[in-house]
Amino acid sequence: MMKLRKTLYFVLCFMVSVCTLSGCIEEYEADISAEDTNLLVVEGAICSKQNKFYLSRTQAINSSYVPKVVSEAKVVVRGGDGSEYTAQYDGEYYSCWIESLASDVEYYLHIEVDGEVYESEPQKPIPTEKIAEVNAVQETPESDIDVLVTPETPLNPNQTNYYTWSFDETWEVHPDYTTFIYFDPVTLTAVYDPYQFPERGWFYARASTILVGDSRNYEGQHIEKFKLYDISRGSERIFYKYSGLVHQRAISKDEYEYELARRQAVSEMGGLFTPQPSALPTNIHCLTSGKHVIGYVGCSLNTAEYRFFLHAHELSVNRPYQKDARTWIDDCDEATCLLMLERGLFLCEWNDDRIIPGGTLRTAWATKYQLDVRLRGASVEEPEYWHLNESISY
């Protein structure tokens, strides 16, 4: 979503700036209509379950990029059967819940903002087949891991099928060091405590881009092993256990072509022939004044999901050697231990051989950051699906 908003802004900026760079022979004035600023931008799709719509506006070319969010609009999903679902603004999106769309009903998005009325073209929701499998492939021990998706046999095998995919990621992280003891300043000795720091945590991420694909070059219009993304074999994401949740949505040819045009604008921005934002195809129209609108509202009957898991011991992971960064004190005493506490360090090792003639106390100390994954931003609440190891298709 954020990438689309930045794209629209930079498309405008680069069209003006590209010919002001050194090396231009003649001054070039971009033919950008004033109507191309302050355009309504609509992002989102109508579908069963959770619906989210993001509304913003394009900005003047010489303005710094700060998303101009539209937060005071009336946003309603309407059906040809008279049904209505009002979306509420939650601080970022307009969201509403639709338990189930009807396959024989046309739906559209209705927006009222700043005295104007906008509507998307009515569409019947497109059904989406389930995901047959998601494969994680590492061609050689030195290769990164490719994540490939294969939908089930298409519902319409005699025509080209179009899809969008997005994904969420979860991965387990461990602290640099673990400790089950602490130094008690009262008893002046090490005390067992397995709960002072969490042994592991989890990070979550959502893909910043949406991928699109079509079935034209596949036998029987059945997409197989379409590459979604890759994971570096040296990424922390696969040092222990990793889970990906792939979202698949069947879309219309028009929505697919809109996404391609938007991506072309990204790849060509700065060129003399970069299309203006208002030239992008859209199915949203202003009913009150004919103003241009940017965006495309698709309509899907359902979204298929597939959760898969990766385990470090099943892959060739390039985990770099980590030199012991703890503070070791070979001939330690209680006064030194108290000094370590004052410096904010925590006891990790307590090797006390003082009962042996000539024996010494050897200790190791670490910072809280090295011991507590929460300080790195990790959650310590285990995901409800983390005990699973087998893939699940929803």
Starting from the Cα of LYS68, draw a straight line to each of the lysines and keep only those under 29 Å, dropping any in the same chain fewer than 8 residues away. LYS3, LYS6, LYS49, LYS52, LYS291
Under 5 Å from the placed amide H of LYS225, counting only residues 5+ away or on other chains, we find VAL149, THR150
Here, GLN50 and GLU139, labelled 7 Å along Cα→Cβ, have an inter-label distance in nm of 3.6
Using the Cα atoms of the stretch 309-375, I'd like the radius of gyration and the largest Cα-Cα distance, Dmax, both in angstrom. 16.7, 53
How big is the Kirkwood radius of the stretch 136-245, worked out from every pair of different alpha carbons and given in Å to one decimal? 17.8
Excluding same-chain residues fewer than 8 positions from LYS241, which lysines have a Cα within less than 22 Å of its Cα? LYS227
Neighbourhood charge, 13 Å Cβ-Cβ cut-off, centred on ARG237 and excluding it, Lys, Arg +1 and Asp, Glu -1: -3
ILE46 long-range amide H proximity, modeled H, under 5 Å: GLY298, CYS299, SER300
Rounded to whole Hz, the Karplus (6.51, -1.76, 1.60) HN-Hα couplings of the stretch 365-381, x for glycine and proline: 10, 9, 7, 4, 4, 6, 10, 10, 5, 5, 6, 8, x, 7, 8, 9, 8
Alpha carbons only, please: Rg and Dmax for the stretch 280-349, in angstrom. 30.4, 83
Based only on the alpha carbon positions, what is the Kirkwood hydrodynamic radius of the stretch 95-147, in angstrom? 15.8
Can you tell me the alpha carbon radius of gyration of the stretch 262-394 divided by the globular rule-of-thumb value 2.2 N^0.38 Å? 2.11
Please give every one of the lysines within straight-line cross-link reach of LYS368, meaning a C-alpha to C-alpha distance under 18 Å, and leave out same-chain neighbours fewer than 8 residues apart. LYS323
Would you mind pulling out the separation of the Cα centroids of the stretch 197-258 and the stretch 323-394, in Å? 36
Accessible area in square angstrom per residue, the chain, 1.4 angstrom probe: 52
For the chain, what is the calculated [θ] at 222 nm in deg cm²/dmol (nearest 500), taking -39500 (n - 2.57) for each run of four or more DSSP H residues and dividing by its residue count? -3500 deg cm²/dmol
Report, to one decimal in Å, the Kirkwood hydrodynamic radius for the stretch 119-200 based on all distinct Cα pairs. 19.2
Got a number for carbon plus sulfur as a percent of the chain's accessible area, 1.4 Å probe? 49
For the stretch 188-273, I need the span (max minus min coordinate) of the C-alpha atoms along each principal axis, in Å, sorted largest to smallest. 74, 40, 23
Segment THR160-SER232, extension gain: residue separation times 0.36 nm, minus the distance between their alpha carbons: 22.6 nm
List the residues whose amide H sits under 5 Å from the amide H of VAL173, counting only those 5 or more places along or on another chain, with H placed 1.01 Å from N in the peptide plane. GLY201, TRP202, PHE203
If one compares the long axis through the Cα atoms of helix 253-268 with the longest principal axis of the Cα atoms of the chain, the angle in degrees, nearest 10, works out at 70
Semi-axes in Å, largest first, for the chain (Cα gyration tensor, √(5λ)) are 52, 27, 22
Can you list the HN-Hα couplings for the stretch 157-171, worked out from phi with the Karplus curve (6.51, -1.76, 1.60; θ = phi - 60°), rounded to whole Hz and with x for Gly and Pro? x, 9, 9, 5, 10, 10, 9, 10, 10, 9, 8, 10, 10, 9, 9
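The values are calculated or read from the model by the stated rules, or taken from the named source; none is laboratory data. Small disclaimer: the values here were computed from a predicted structure and weren't measured. A quick note on method: Cβ atoms are made from the backbone with ideal geometry, for glycine too, and the neighbour counts reach across all protein chains shown. Surface accessibility is based on the protein's heavy atoms, side chains included, excluding ligands, DNA and RNA. Shrake-Rupley method; radii C 1.70, N 1.55, O 1.52, S 1.80 Å.
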